[in-house]
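Report on the structure given below.
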Amino acid sequence: MAPISLLLLTIAIQAFSASGCFETERNALLAFKADLIDPRNQLASWKSQNCCTWKGVVCSNTTGHILKLNLRNSYDNINYFPNSKRPSALGGKISPSLLLLNHLEHLDLSLNNFSEIRIPEFFGSLKNLRYLNLSGACFSAMVPPQLGNLSKLHYLDLNSLHCDTNIRVDNFLWLAHMSSLHYLDISSVNMSFATDWLQAINMLPSLKYLDMSTTSLLTIPISLPFINITTLRVLKIAGNSINSTLPRWLWNLTSITHLDLSSNEFHGFIPDELSCLKSLNVLSLGSNNFKGMSPKAFSNLCSLNTLDLRRVGFSGEINKWVERLPSCVQQNLQKLYFEDNKLSGNLSSWLERMNSLTEIDLSENSLNRTIPIGVWRLPNLTRLYLQSNFFEGTITEVQLSHLQRLKWLDLAYNSFNMQISHDWIPPFQLKALHLASCNLGPKFPTWLQGQTQLEELGLSNNGINEMLPNWLWNISSSLAYVHISNNQIKGKLPLSLDHGTLRHLNLSSNQLEGPVPALPQTLSILDLSNNFFTGPIPNSTLLSLRYLLLSNNSFSGCIPFSLCEPTSLAVLDISNNKLSGEIPSCLGMLQDQLLVLDMMSNNLSGKVPTSLGEKGALSILDLSNNSLSGEIPSSLQYCTQLVNLNLGYNNFSGTIPKWIGESLLVLVVLSLHSNGFSGSIPSEIAQLGYLRVLDLSRNNLSGSIPRSIGKLSWKKGVPTDHTLFSKYGSFEVSAGTVYLVVKGAAREYSKLLYLSESIGIDLSCNHLNGEIPDEIGDLQALHNLNLSMNQLTGHIPDQIGKMHALESLDVAMNMLSGTIPQSLAALNSLSHLNVSYNNLSGKIPSGYQLQTLDDPSIYIGNPYLCGPPTTQSCFTNETIHVFSNGHQGRFERLWLYVGVVLGFIMGFWIFCGVLLLSRSLRNAYFSAIDGTYDRLYVAVALTLIRLRRRWRGNVV
């Protein structure tokens, strides 16, 4: 009876499932859907009665119960909408109604956007789960330890790549309970506080795949008492900050086939014990700090097909390193990456013998000579990357024709001379071609027209001087990268560039003109700078835009509000155009990753919106040379990563706020020149330890120079954890030009001033008064000091002689007095000096560097200065040495009064002595006095008689 009952039950279940699905499971899914945010209506099919036909739902063919729920978002969107901004992603909340799916074995919510919530704890109650994929779903907060209850789980993926949320694991004890786990991916999960991770993972005897890349690991245990994960096949711990020698327990993983320890700080030698890993197929040790490798390290790795030794600091002849690979490795190796080391030599006699190679990357070394013929004839070669070396010679289609399987070719930045006929038909279909600086011009290479699979094209600096062909934009449906800068390409762009996959477009430094066409929504990087484009900036929304560079064109009109839309915008450079109107108040509200904003040299007006500082991410802000007004918005005090603040040549007013010195502690450039700022210079400026340029010239500042200015410490660079390093990556961008008056002329400084060595202070053209503080001599690293055109009094401090790096000193047009200190002669770097139009006196010091400053005009306007190079001679050749102090002016006036009194007394007694000693002089002197008295008496008497007669006449 039992078999018959079971058969009837099975038939009943099949009949039930054929007509629909279990009501409780259907309602559970509907409740789950109700809490979701579905912007693209991905779950539109979740309406019919039979839930087993819904998108992403898989039911058992025998029981009818739901076994799988696969709601993975489209992976293609990742490239265009990073950092949790994917428009088709599901979001919202996850309903606990999923607990009613008692038979659920497979749950996939990957590549969605649940950034507002944490992973639900109730996931740990889905007891039958064998597969859980939450990768790229951007959950936040702590991974719940309740996941450890999933004892049947085989596959767990918590990878948080492409997310800007902070998901973390501090304790791994729960992981030790998942004894059935085969696959574990926790890459991009924050593990910086985890200490027990290796011990917990070592309790997983079935583990075959482990990825812990970019998890902020700082340390790794060097040894373990025992190894329980001997079945491990794949181990990835790349992209962390592990500062250690290679751990010894690695050599016990004898089943491992893929080992990735790249992008850490491993150091020491690659040891002989590496040869114990005989099953290794892939070994990636790139981007570490190894000193070298043992001669026997690779002796038993005959299964090795991929070797990554990029950026490990190896130097010397490349063939010496290759000789350490045994012949079996050289014969079997398919992928060899030696990029960005310090290797020299050439490719002869070794590379041709490695016939199994499919990919070669030797870029960014010091390799030279021509490419051997044998390299061009490697039969399986699909990738050849040789850029940024010293290779030379001519490359023709004959050589390239041998590479019939070639997919990726990069020969940029060498001394090649490409001689390829325009009617050549290549035997390969490339995905990437980079030929920058390969002398391709003057014609655009028409042989590219048949490359219908092209994804990347780089032809910069090739002397191309004709128009871009229209077929370029339709050459491939996969074209994503076009970099054709630094040529002489003329003409206009087509009316539309709405190419479906284009993400990176760089046409900078050409001669393109006309308006900018409609642009593709997929663009992430757009660089059209240094051309002749006109018209308005297109008002099209580019949601995935990260870098927009339109500087040095002739764009006009207002800044479009569409620039407020891209939430991932990091760099916006629209400087040196003809833009007018106000800065949109919405700019900065959504751009929480905006690092660089450069709007210098336009016609912008109005106030700076407070939105620019709300997110606090700005590192470079340059609004100079416009007509902006108002005060510095207080919201900028929250931009604690600000390196360059340049508001010069505007109409700003108000006082310089104290919070600049209190909050912007990594500021390298502070330029507020040519505005209407008033009040005093805040003493808090001295707290800016990284400041290299301080330009407050041409304002209405008053008061004295703060004595705290001597506390500026002039630290070099900016902190290495600054966002300019952690978020810029390798994309080359410069913003924020600074002009400083040095040696009497305006000098343009490098835009990325954290790399600059020059240090300058310009306080000229204000109303500063009082004395130059002695503490200014403590700025011993200062190169340029300009205090001209103020109302400074007192002496030039003798302490300036301690400023050994000083190259330029300008104190002209003040009211300085006293002598020029002799200590200036000790400044060996001084090449410009201007002390004109003051009240300086005494002999001009001589000797050493001052001997070379022989232009008399630098001393003009000081009538009491004497000595060379002026024409006025001094009474004595002795140089007066004056040591300045706070009461020097008072003592000088006192000595002047004493000198006058003493001179009068001495003159009086000398005169009296002469009269006493000479009788003849005495008689003549008193006779003259008597005669003078008589004449004066007669003249006065006659005058009085005449006045009396006139008075009487008037009375009558």
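For the range 602-628, the candidate set comprises residues that are closer than 19 Å to residue 676 by Cβ and among the small types (Gly, Ala, Ser); within that set, the residue that is nearest to the chain's Cα centre (by Cα) is 624.
Can you tell me which residue in the range 838-855 is nearest to the chain's Cα centre (by Cα), limited to those that are surrounded by fewer than 13 Cβ atoms within 10 Å (Cβ to Cβ) and either on the phi < 0 side of the Ramachandran plot or in contact (Cβ under 8 Å) with a residue 60 or more places away in the chain (or both)? If we take residues in the range 838-855 being surrounded by fewer than 13 Cβ atoms within 10 Å (Cβ to Cβ) and either on the phi < 0 side of the Ramachandran plot or in contact (Cβ under 8 Å) with a residue 60 or more places away in the chain (or both), then 852 is nearest to the chain's Cα centre (by Cα).
Listed by position, the strands (runs of 3 or more DSSP E) contained in the range 614-670 that have at least 3 residues being within 22 Å of residue 763 (Cβ to Cβ) are 644-646.
Once the range 187-212 is narrowed to residues that are closer than 17 Å to residue 226 by Cα, outside any helix (DSSP H, G or I) and not polar (S, T, N, Q), the residue that is modelled with the highest pLDDT is 207.
Taking the conditions (1) assigned to a loop (DSSP other than H, G, I, E, B); (2) out of contact with any Asp or Glu (no Cβ under 9 Å at 6 or more places or on another chain); (3) over 18 Å from residue 337 (Cβ atoms); (4) hydrophobic (A, V, I, L, M, F, W, C) in turn, residue 249 satisfies each one other than (1).
When the residues of the range 490-517 are filtered to those that are small (Gly, Ala, Ser) and touching a Ser or Thr at 6+ places or on another chain (Cβ under 9 Å), the one that is surrounded by the most Cβ atoms within 10 Å (Cβ to Cβ) is 508. Of the residues 674, 697, 627, the single one that is hydroxyl-bearing (Ser, Thr, Tyr), in contact with a Cys (Cβ under 6 Å, 6 or more places away or on another chain) and at pLDDT 95 or above is 697.
Inspection of the range 325-334 identifies no residue that is in contact (Cβ under 8 Å) with a residue 12 or more places away in the chain and over 22 Å from residue 280 (Cβ atoms). Filtered by the rule that a residue be within 15 Å of residue 334 (Cα to Cα) and part of a helix (DSSP H, G or I), the range 372-413 gives a lone residue, 375. Residue count for the range 585-594 under the criterion of being in contact (Cβ under 8 Å) with a residue 40 or more places away in the chain and surrounded by 24 or more Cβ atoms within 10 Å (Cβ to Cβ): the result is 0. Going by the structure shown, is residue 526 free of Cβ contacts under 8 Å to residues at least 40 places away in the same chain, within 28 Å of residue 647 (Cβ to Cβ) and not polar (S, T, N, Q)? Yes; evaluated as a whole, the condition is true for this residue. Please work out which residue is modelled with the lowest pLDDT, limiting yourself to the range 795-817 and to residues that are small (Gly, Ala, Ser) and surrounded by 20 or more Cβ atoms within 10 Å (Cβ to Cβ). My answer is 808.
Across the range 321-351, the qualifying residues are those that are of a type in the set (D, E, K, R) and at pLDDT 90 or above, and the one among them that is farthest from residue 258 (Cα to Cα) is 342. Just to be sure before I move on: is residue 264 at pLDDT 90 or above, part of a loop (DSSP other than H, G, I, E, B) and buried (at least 20 other Cβ atoms within 10 Å of the Cβ) in the structure I sent? So residue 264 fits the description; yes.
Screening the candidates 702, 726, 680, 713 for the property of being of a type in the set (S, T, N, Q), touching a Gly at 6+ places or on another chain (Cβ under 8 Å) and either under 30 Å from residue 162 (Cα atoms) or modelled with pLDDT under 95 (or both) yields one hit, 713.
Quick check on the range 216-251: of everything there that is under 17 Å from residue 181 (Cβ atoms) and not basic (Lys, Arg), which residue is surrounded by the most Cβ atoms within 10 Å (Cβ to Cβ)? Filtering the range 216-251 for residues that are under 17 Å from residue 181 (Cβ atoms) and not basic (Lys, Arg), the one surrounded by the most Cβ atoms within 10 Å (Cβ to Cβ) comes out as 232. The set of residues in the range 316-348 that are outside any helix (DSSP H, G or I) and more than 20 Å from residue 414 (Cβ to Cβ) comprises 316, 323, 324, 325, 326, 333, 334, 335. Residues in the range 765-780 that are part of a loop (DSSP other than H, G, I, E, B) and surrounded by fewer than 17 Cβ atoms within 10 Å (Cβ to Cβ): 780 alone.
Screening the candidates 549, 543 for the property of being farther than 16 Å from residue 602 by Cβ, in contact (Cβ under 8 Å) with a residue 60 or more places away in the chain and not small (Gly, Ala, Ser) yields one hit, 543.
Does residue 563 meet the test of being out of contact with any strand residue (DSSP E or B) (no Cβ under 6 Å at 6 or more places or on another chain), on the phi < 0 side of the Ramachandran plot and outside the structural domain of residue 535 (by TED's automatic domain parsing)? No; evaluated as a whole, the condition is false for this residue. For residue 463, are the conditions met, namely being in contact (Cβ under 8 Å) with a residue 24 or more places away in the chain, part of a loop (DSSP other than H, G, I, E, B) and in contact with a Pro (Cβ under 8 Å, 6 or more places away or on another chain)? In short, yes. Taken over the range 166-186, the criterion of being crowded, with 20+ Cβ neighbours inside 10 Å and either among the acidic types (Asp, Glu) or part of a loop (DSSP other than H, G, I, E, B) (or both) is satisfied by 169, 172, 178, 181, 185, 186. Residues of the range 490-507 that are part of a loop (DSSP other than H, G, I, E, B) and either of a type in the set (Lys, Arg) or modelled with pLDDT of 95 or more (or both): 503, 507. Against the test of being farther than 29 Å from residue 557 by Cα, without any contact (Cβ under 8 Å) to a residue 60 or more places away in the chain and either of a type in the set (A, V, I, L, M, F, W, C) or outside any loop (DSSP other than H, G, I, E, B) (or both), the options 468, 454 yield a single qualifying residue, 454.
The values are calculated or read from the model by the stated rules, or taken from the named source; none is laboratory data. Keep in mind the model is a prediction, meaning the values are calculated, not measured. We place every Cβ from the backbone using ideal geometry, glycine too, and count neighbours over all the protein chains shown.
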